[in-house]
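A short worksheet on the structure shown next.
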Amino acid sequence: MFYEWIIYFLIYSFLGWCFETALDSVEQRQFINRGFLRGPVIPIYGFGAIIMIFAAKPVLEKPTLVFIFGAISATILEYFTGFILEVIFKTRYWDYSDCHYQIKGRICAEATLMWGFMTLFVNYNVHTHISNMVHKLNGTILIISAFVFTAVFLADAVISFKTAADVNSILKRLAEINKLTQKLELHNEKDSSESIKSRLKKLSAEHKSSLTKIGLLKKDFIRSHHNAHSTRFNSPFSELKEKIKQHSKKT
């Protein structure tokens, strides 16, 4: 049933969020709400689990092929997800550049092996229990739950995409301010004038304001991706992350 797969997607997205959030929170020694969305879901795990289940179905009696099919399918998903996010937001939310046998930092051999083992775990250990649990749900409850969770998920997606776009706009403006400031400082060294000094002062004030007056959603979004970097505006992104980090220590 179609509604069942929506529930499966949400369950695996939630489990993926639990895994990454726990891992990152322990590493950072503070709670980190991992994922692109603000809610407790990481969609790539939901899509990944569904792909693993479908990829394994024709070869379920052959664990080696289950491993291979799942690893390849999930790696393709990870590559194109990373590519699409980079194209839209000019930001790399995960980066395997330091890993061995990686392709453009979006995928690597270690992650592919992890997807393969996860495919075995999902198909032979996890999905049986989850599907049994979902099958026990009343049909009406299942449909209502699917609609409600989908509506919440889509609302979260819209807010998160807008937040990411807003962060990208801030980074773009910071990059422009930095560039203008450098040009004006060069002019000021050669031919100092009150006009240049005034413009430099205004740019400095705007730069400071852009770094400090960041809304809660944007701060939380940036904290969630502390290892991310912008493919176009990485210097301003580093400044923004450092400012938020300093503010977090003070509070």
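The values are calculated or read from the model by the stated rules, or taken from the named source; none is laboratory data. Remember, it's a predicted structure, so these values are computed and weren't measured experimentally. Ideal geometry is used to build each Cβ from the backbone, glycine not excepted, and the neighbour counts take in all protein chains shown. Just the protein is used for accessible areas: all its heavy atoms, side chains included, with ligands, DNA and RNA removed. Shrake-Rupley method; radii C 1.70, N 1.55, O 1.52, S 1.80 Å.
Assign unit charges at the C-beta atoms only (+1 for Lys and Arg, -1 for Asp and Glu), then state the dipole size of the chain relative to its Cα centre in Debye, rounded to the nearest 20.
For the chain, the charge dipole is close to 980 debye.
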What is the percent carbon and sulfur in the accessible area of segment 12-53, measuring with a 1.4 Å probe over the protein chains and ignoring ligands? 70 percent
Once Lys and Arg get +1 and Asp and Glu get -1 on their Cβ, which of Thr231, Ala71, Thr21 lies farthest toward the positive end of the dipole of the chain? Thr231
CD proxy, 222 nm, the chain: helix-only mean residue ellipticity via -39,500 (n - 2.57) per DSSP H run with n ≥ 4, per residue, nearest 500, stands at -26000 deg cm²/dmol
Candidate span helices, the chain: DSSP H, at least 15 Å along axis from Cα coords, Kyte-Doolittle average at least 1.6, result 43-56, 63-89
Between Ser193 and Asp220, take the C-beta separation as r, use R0 = 30 Å, and let me know the FRET efficiency to the nearest 0.05. 0.10
Using the charge dipole of the chain (Lys, Arg: +1 at Cβ; Asp, Glu: -1 at Cβ; taken about the Cα centre), state which of Ile214, Ile144, Thr81 has its Cα farthest towards the positive end. Ile214
Within the set Ala55, Ala146, Ala205, GNM on the chain using Cα springs under 10 Å gives the largest fluctuation to Ala205
Point-charge dipole on Cβ atoms (K/R +1, D/E -1) for segment 153-201, about Cα centre, debye to 20: 100 debye
Placing +1 at every Lys and Arg Cβ and -1 at every Asp and Glu Cβ, with all other atoms neutral, what dipole size does segment 1-73 have around its Cα centre, in debye to the nearest 20? 60 debye
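If we count every other residue with Cβ under 13 angstrom of Met114's Cβ, Lys/Arg +1 and Asp/Glu -1, where does the sum land?
It works out to a net charge of -3.
By how many nm would the segment from Ala155 to Met114 grow when fully extended, if each residue of separation counts as 0.36 nm and the alpha-carbon distance is taken off? Walk me through the numbers before you get to the answer.
Working: separation 41, 0.36 × 41 = 14.76 nm, distance 3.08 nm.
Extending this stretch completely gives an extra 11.7 nm.
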Largest to smallest principal axis extent of the C-alpha atoms in the chain, angstrom: 78, 43, 31
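Please label the shape of segment 23-155 as rounded, prolate or oblate, based on the square roots a ≥ b ≥ c of the eigenvalues of the alpha-carbon gyration tensor (a/c under 1.5 means rounded; beyond that, a/b larger than b/c means prolate, else oblate).
Details: a/c = 1.85, a/b = 1.17, b/c = 1.58.
It is oblate, given that a/c is not under 1.5 and a/b is not larger than b/c.
Do you know the relative contact order of the chain, to the nearest whole percent, from alpha carbon pairs under 8 angstrom that are 6+ apart? If you can, show how the numbers build up before the last one.
Details: 253 pairs, mean separation 54.4, N = 251.
Relative contact order of the chain: 22 percent.
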Mean accessible surface per residue for segment 105-174, computed with a 1.4 Å probe while every protein chain stays in place, in Å²: 55 Å²
Longest exposed-loop-site-free stretch of the chain, with chymotrypsin sites (Phe, Trp or Tyr not before Pro), DSSP loop and at most 12 other Cβ within 10 Å? 102-251
Counting trypsin sites (Lys or Arg not before Pro) as exposed when in a DSSP loop with at most 12 other beta carbons within 10 Å, what is the longest stretch of the chain free of them? 30-135
Considering the options Ser193, Thr112, Asn132, tell which one lies farthest towards the positive end of the dipole of the chain, charges being +1 on Lys and Arg and -1 on Asp and Glu at the Cβ, about the Cα centre. Ser193
